Amino acid sequence: MRLLILGGTAFLGRAVARAAVGRGHDVTCLARGTDAVAEGAHLVRADRDHEDALVPLREDLWDAVVDVTRQPGQARRAVRDLRARHWVLVSTGNVYARFDQPEQGEEAELLDALEGDVMADMSQYGPAKVACERAVSEGHDSWTIVRAGLIGGAGDTSGRSGYYPWRFAHPTGPDVLVPPDLTFPVALVDVEDLASWLVDCAERRTQGVFNATGPTTTLQDVLEASRTVTGSDAAARPVPAETLREAGVSAWMGPSSLPLWIDDPGWRWFATLDSTAARRAGLRTRPLAATLAAALDHENQRREPRATGLTDDEELALRRRLT
Ligand SMILES: NC(=O)c1ccc[n+]([C@@H]2O[C@H](COP(=O)([O-])OP(=O)(O)OC[C@H]3O[C@@H](n4cnc5c(N)ncnc54)[C@H](OP(=O)(O)O)[C@@H]3O)[C@@H](O)[C@H]2O)c1
């Protein structure tokens, strides 16, 4: 298969490139060239913010294109300018309008599509992805749209899947400080499993819209698996929400945060999706502990600053508030 990945040099895209190369496909990644491509793939340098960025590839015929963009203009121009037998768009669960029900299906209400070509900031991420989905579903006649849940594992630069394993491996005291609600639902999908299935979709020209998460678990499951993976005997110590607020600790992700928890009932089921259709179409996911072990590997080799969680000093300061 001649596969073009629009992107293909970051977390998920690179895993798709690796998986496709591993199956013997001829893989081209189109990106500006911030990072190197996976071994065995070719890089075409282009900036998709330019109207005519894809013109040099106009004469090529691809068996499949995989696009990870979040910019509606990029999605529209790609569908307009490239020739491919099948299109795979990586979308997100953020396209849904609400998150107050568990494991919603693909038919659930969506946000309104962003009208412009460019999303201004991450507050427009969901509407922008809805617009990207529309560009593909209205602009091509053979497509898979995959709404991924939270992706974790090898190379997770966001630090969301890696923080707790890393923290249990490097505790600052007898316990690890964690959010107050350990029943918070989490449904991590392993980047390698998702990537492998995206290649399946490209090969088989799978048709339709699919949610794609791992099985629904809880934050408690993530913490227990993190302890197992690291062999740590540190206990998990829940911190009251009010103490976290007073200390300026945010939820879900980012610096000075405790990830994989949101203190808002309207967002309780954000991390879960009904992925039955994807499983029927071949998505297979590995045990949570394997994903966390791979994420820990990345954290232990991380060169850039940790993007999510508490630093040692922040955890120590928070612990002092509890005593
Ligand atoms: N991480 C999660 O938990 C999560 C959850 C749900 C869905 N998703 C979706 O999963 C996908 C993740 O993709 P990803 O991990 O590969 O990372 P990404 O950060 O979404 O992809 C960026 C890729 O696009 C390229 N790129 C960015 N701007 C470009 C431009 N102007 N012109 C050409 N190329 C450009 C980048 O390379 P250069 O910088 O070199 O150009 C890189 O290869 C996305 O679709 C995301 O929305 C992620």
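Give, as ranges by residue number, the residues of the stretch 239-258 whose backbone N falls under 19 Å from the point 7 Å along Cα→Cβ of THR183. Once the point is set 7 Å along Cα→Cβ of THR183, 239-242 turn out to lie under 19 Å by backbone N, inside the stretch 239-258. Extension gain for GLU109 to ARG303 (0.36 nm times residue separation, less C-alpha to C-alpha distance): 65.8 nm. The angle between the Cα long axis of helix 125-139 and the longest principal axis of the Cα atoms of the chain comes to about 20 degrees, rounded to the nearest 10. What the Kirkwood sum gives for the chain is a hydrodynamic radius of 20.3 Å, with every pair of different alpha carbons counted. Temperature 4 °C, viscosity 1.567 mPa s: under these conditions the Stokes-Einstein estimate for the stretch 146-205, based on its Kirkwood radius over C-alpha pairs, is 94 µm² per second. Of the GluC sites (Glu not before Pro) found in the stretch 113-182, those in coil by DSSP whose Cβ has at most 13 other Cβ atoms within 10 Å are GLU115. Could you calculate the FRET efficiency of ALA36 with ALA290 from 1/(1 + (r/R0)^6), where r is the beta carbon distance between them and R0 is 25 Å, rounded to 0.05? The value I calculate is 0.45.
Classify the stretch 74-143 as rounded, prolate or oblate from the Cα gyration tensor: take a ≥ b ≥ c as the square roots of its eigenvalues, call it rounded if a/c is under 1.5, otherwise prolate when a/b beats b/c and oblate if not. Here the stretch 74-143 falls in the oblate category. Taken along the Cα-to-beta-carbon direction at a fixed 7 Å, the label points for GLN220 and THR276 span 2.6 nm. With R₀ set to 41 Å, the beta-carbon distance separating ASP63 from SER256 gives a calculated FRET efficiency near 0.35.
The Stokes-Einstein estimate for the stretch 1-81, based on a Kirkwood radius over Cα pairs and taken at 37 °C with 0.692 mPa s viscosity, is a diffusion coefficient of 262 µm²/s.
If you take the alpha carbon atoms of the stretch 78-188 and fit the smallest convex hull around them, that volume is 153 Å³ per residue. Calculated from the alpha-carbon coordinates, the stretch 2-148 shows an Rg and a Dmax of 15.1, 47 Å respectively.
The length gained on full extension between THR228 and ARG45, counted as 0.36 nm times the residue separation minus their Cα-Cα distance, comes to 61.6 nm.
If exposed means no more than 11 neighbouring beta carbons inside 10 Å and the site is in a DSSP loop, what's the longest run of the chain without any exposed trypsin sites (Lys or Arg not before Pro)? Present the calculation step by step, with values, prior to reporting the outcome.
Numbers: sites that count: ARG58, ARG284, ARG303.
Segment 59-283 is the longest.
Per residue, the Cα convex hull of the stretch 113-264 amounts to 137 Å³. Counting Lys and Arg as +1 and Asp and Glu as -1 over every other residue whose Cβ lies under 13 Å from the Cβ of ALA293, the net charge comes to -3. Exposure proxy for GLU315, GLU246, GLU203: other Cβ atoms within 10 Å of each Cβ, ordered fewest to most, give GLU246, GLU203, GLU315.
Normalising the average separation of contacting C-alpha pairs (under 8 angstrom, six or more residues apart) by the number of residues puts the relative contact order of the stretch 212-323 at 37 percent. A viscosity of 1.306 mPa s and a temperature of 10 °C, combined with the Kirkwood radius over C-alpha pairs in the Stokes-Einstein formula, give the stretch 264-307 a diffusion coefficient of 117 µm²/s. With K and R counted +1 and D and E -1, the other residues having a Cβ less than 12 Å from that of TRP143 yield a net charge of -1.
Here LEU318, LEU292 are placed in order of increasing Cβ neighbour count within 10 Å, fewest first, which gives LEU318, LEU292. For the chain, the longest principal axis of the C-alpha atoms and the axis of helix 72-81 are separated by about 30°. Taking Cβ atoms as reference points and 14 Å as the exclusive limit, the residues near ALA17 contribute a net charge of -1, counting Lys and Arg as +1 and Asp and Glu as -1. Here the gap between GLU203 and VAL118, fully extended at 0.36 nm per residue and compared with their Cα-Cα distance, gives a gain of 27.6 nm. Semi-axis lengths, largest first, of the ellipsoid equivalent to the stretch 195-268 are 33, 19, 11 Å, with √(5λ) applied to each eigenvalue of the Cα gyration tensor. Summarising the label geometry, the points placed 7 Å from Cα in the beta-carbon direction at ALA235 and MET1 lie 5.0 nm from one another.
Quick note: the coordinates plus some simple rules give every number you see, no bench work behind them. Predicted model only: the values in this text are computed from it and were never measured. Note that we place each Cβ from the backbone using ideal geometry, even for glycine, and neighbour counts take in every protein chain shown.
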